[in-house]
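**Q** Below: one structure in structure tokens.
The values are calculated or read from the model by the stated rules, or taken from the named source; none is laboratory data. Here the structure is a predicted model, which means the values were calculated and not measured. No Cβ is skipped: glycine too gets one built from the backbone with ideal geometry, and neighbour counts run over all protein chains shown. Ligands, DNA and RNA are stripped out before the accessible areas are found, and what is left, the full protein with its side chains, is counted by its heavy atoms. Shrake-Rupley method; radii C 1.70, N 1.55, O 1.52, S 1.80 Å.
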Amino acid sequence: MNISIDDLPDVVLVEILCRLPCYKFVFQCKLVSKRWCTLMSNAYFIGRFLCLQRDHKKTPAMRTLINRSGYEFLSRISASANPLSSLFKRLKSIYHLKEEPVMVSTYNDLVLCCASKCEQRDYYICNPYTLQCVRLPPPPQVDWMVPVGFICDHHYYNCEKDEIIQLNAEYRCKVMRLIFPYGQEIACKKFKVQIFSSEIGEWRESIVTSPLDFNFHFINFEAHFIYNGMLFWGGACYGNFLIGLDPFMIDSSSGANGDDHYECRLVDIELDRRFMFECLGTYRGCLRMCDYNSATRVFSVRDLNEEEIFHGGTVKLCTENRKVYSLDKEMMPDNDPTGNLMLGFDPYNDDILYLQRGGDRGIVKCDIHTREWSKIAEKHRKRRIESCVYFPLDVLWWPTPVTRLAQVSIGRF
């Protein structure tokens, strides 16, 4: 009998194909025929594929660290030091950009790119693994440099143990820009935000108030963090605050003259002059504040918990619950310790710290408990890393499709 795989009923073919080892093979098999593409694009197939991935752990979900230039030193995405280079080149070619774009934010396996480092106007939500991309309309005004963040209301799918996997194809995403009153006052208690919503496909402006005055000049524009569904920015250098906003809760319909304004979360931090704490991200359900004194090689860690962030008043970083570690010469020899840069903690082990050495520009992995160190990246990059701010980027069992925006089409290169 001349029977081929095409003679199998759909339900049997799905059970065969969903056992492919990873989504990359699935995407390749979609090219075999229209029937295969239709079956493997179905929500049932995706859910079945994810169930098998979860139950048999065929390929682990991974998380890496990546900076604005697309540089990854952990080599978890690919062997290339810049796994986003192809995405950047495509964006530059398709949209005729004058310079290579930069990555300004991440959420799971999605990235928010911008056409320029300064005077940001054109933003793109992309998935670097599937090369799906959507271009956002320009914001209401263009500023030289503004803090910008990107967040979604839900993951594309839940994959908890013993739970039925459900796809969230209608997830919503927000892009938020903070606009401060430059040229008026240094400290402010009221400022403007611009929020792009995927469900309406446009930008809207709202007024945000703060419970306390804060100096917006101290905000670290490049670094932001997602914690409990909110976007947080921290003060750089001598900034003594964390500011948090929930773009899904902000009343976008209130105008500049409205009375009902959203009040942001402001965490007032009491600092010691000997320390300059900065936030490095979310670890073990806390926001991790760190200080590294490169001259003395002393490293300090303080984790802010949910109670302190959402219900506390002033938080003391230098006297309460602070862990101190000494990175001495035996642990990390360096002829030029004053030039060391703190890059971040490992996404899987928050005892592992990554530093870029000031002498040879190599990247060093330090275990702050076992006091072991190793160099993981040589000085093949002749200059210092342009940005020491690294964002988490996930490699999921099934890539998140770029959300469809109202009246905006999704493109693939």
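**Q** Could you identify the single residue in V175, V134, V142 that is of a type in the set (V, I, T), within 30 Å of S210 (Cα to Cα) and touching a residue at least 60 places away in the same chain (Cβ under 8 Å)? Show your work before the answer.
**A** Working: V134 fails: within 30 Å of S210 (Cα to Cα); V142 fails: touching a residue at least 60 places away in the same chain (Cβ under 8 Å).
Going through V175, V134, V142 in turn, the sole match is V175.
**Q** Now a separate question. Residue under question is R63, and the condition is that it be under 23 Å from V111 (Cβ atoms) and of a type in the set (K, R); does it hold? Give the derivation first.
**A** Values: under 23 Å from V111 (Cβ atoms): yes; of a type in the set (K, R): yes.
In short, yes.
**Q** Counting only residues that are on the phi < 0 side of the Ramachandran plot and without any contact (Cβ under 8 Å) to a residue 24 or more places away in the chain, which one in segment 49-63 is most open to solvent (accessible area, probe 1.4 Å)? So that I can check it myself, show each step before the final result.
**A** The first filter runs over segment 49-63 and keeps only residues on the phi < 0 side of the Ramachandran plot, leaving 49-56, 58-63.
Filter again for without any contact (Cβ under 8 Å) to a residue 24 or more places away in the chain, leaving 55-56, 60.
Values: D55: 98, H56: 120, P60: 95 Å².
Top of the filtered list is H56.
**Q** Taking I269, is it part of a loop (DSSP other than H, G, I, E, B), among the β-branched types (V, I, T) and modelled with pLDDT of 75 or more? First the steps, then the outcome.
**A** On the way: part of a loop (DSSP other than H, G, I, E, B): no; among the β-branched types (V, I, T): yes; modelled with pLDDT of 75 or more: yes.
So I269 does not fit the description; no.
**Q** Quick one: which residue in I77, I66, I94, I46 is open to solvent by 70 Å² or more (accessible area, probe 1.4 Å), in contact with a strand residue (DSSP E or B) (Cβ under 9 Å, 6 or more places away or on another chain) and either in contact (Cβ under 8 Å) with a residue 60 or more places away in the chain or at positive phi (or both)?
**A** On the way: I77 fails: open to solvent by 70 Å² or more (accessible area, probe 1.4 Å); I66 fails: open to solvent by 70 Å² or more (accessible area, probe 1.4 Å); I46 fails: open to solvent by 70 Å² or more (accessible area, probe 1.4 Å).
Answer to the selection: I94.
**Q** Same structure, new question: Among residues belonging to segment 101-125 that are at pLDDT 90 or above and either of a type in the set (S, T, Y) or open to solvent by 10 Å² or more (accessible area, probe 1.4 Å) (or both), point out the one that is farthest from M62 (Cα to Cα). It would help to see each step written out before you state the result.
**A** Taking segment 101-125 and keeping what is at pLDDT 90 or above, we get 101-115, 122-125.
From what is left, the residues that are either of a type in the set (S, T, Y) or open to solvent by 10 Å² or more (accessible area, probe 1.4 Å) (or both) are 105-108, 115, 122-124.
Values: S105: 18, T106: 15, Y107: 14, N108: 10, A115: 28, D122: 29, Y123: 26, Y124: 23 Å.
So, considering only residues that are at pLDDT 90 or above and either of a type in the set (S, T, Y) or open to solvent by 10 Å² or more (accessible area, probe 1.4 Å) (or both), the one farthest from M62 (Cα to Cα) is D122.
**Q** Also, quick follow-up: Out of the residues in segment 164-191 meeting the condition of being aliphatic (A, V, I, L, M) and either open to solvent by 20 Å² or more (accessible area, probe 1.4 Å) or out of contact with any Pro (no Cβ under 6 Å at 6 or more places or on another chain) (or both), tell me which one is modelled with the lowest pLDDT. Before you say what the answer is, go through the steps one by one.
**A** Going residue by residue through segment 164-191, those that are aliphatic (A, V, I, L, M) are 164-165, 167, 169, 175-176, 178-179, 186-187.
Of the ones still in play, those that are also either open to solvent by 20 Å² or more (accessible area, probe 1.4 Å) or out of contact with any Pro (no Cβ under 6 Å at 6 or more places or on another chain) (or both) are 164-165, 167, 169, 175, 179, 186-187.
Details: I164: 76, I165: 84, L167: 87, A169: 81, V175: 95, I179: 89, I186: 68, A187: 73.
Per the stated criteria, the residue is I186.
**Q** Continuing with the same structure: Output the residues belonging to segment 282-296 that are part of a loop (DSSP other than H, G, I, E, B) and either β-branched (V, I, T) or crowded, with 18+ Cβ neighbours inside 10 Å (or both).
**A** S294, T296
**Q** Which of the residues belonging to segment 347-364 are modelled with pLDDT of 85 or more and crowded, with 19+ Cβ neighbours inside 10 Å?
**A** The answer is L353, Y354.
**Q** If we scan segment 203-224, do we find a residue that is among the charged types (D, E, K, R), modelled with pLDDT of 85 or more and open to solvent by 10 Å² or more (accessible area, probe 1.4 Å)? Working first, answer last.
**A** Let us first name the residues in segment 203-224 that are among the charged types (D, E, K, R), namely 204-205, 213, 222.
Narrowing the set further to residues that are modelled with pLDDT of 85 or more leaves 204-205.
Narrowing further to those that are open to solvent by 10 Å² or more (accessible area, probe 1.4 Å): 204-205.
The answer is yes, given that some residue of segment 203-224 is among the charged types (D, E, K, R), modelled with pLDDT of 85 or more and open to solvent by 10 Å² or more (accessible area, probe 1.4 Å).
**Q** Here's another thing I want to ask about it. Counting just the residues of segment 6-39 that are charged (D, E, K, R) and outside any helix (DSSP H, G or I), which one comes out most open to solvent (accessible area, probe 1.4 Å)?
**A** Kept after step one, since they are charged (D, E, K, R), are these residues of segment 6-39: 6-7, 10, 15, 19, 24, 30, 34-35.
Among the residues that remain, those that are also outside any helix (DSSP H, G or I) are: 19, 30.
Details: R19: 109, K30: 43 Å².
If we take residues in segment 6-39 being charged (D, E, K, R) and outside any helix (DSSP H, G or I), then R19 is most open to solvent (accessible area, probe 1.4 Å).
**Q** Is there any pair with a first residue in segment 360-382 that is within 18 Å of L65 (Cβ to Cβ) and a second that is modelled with pLDDT of 80 or more and assigned to a loop (DSSP other than H, G, I, E, B) whose Cβ atoms are under 7 Å apart and which are 6 or more apart or on different chains, and what are they?
**A** I363/F73; D367/D351; I368/D351; I376/F73; A377/F73
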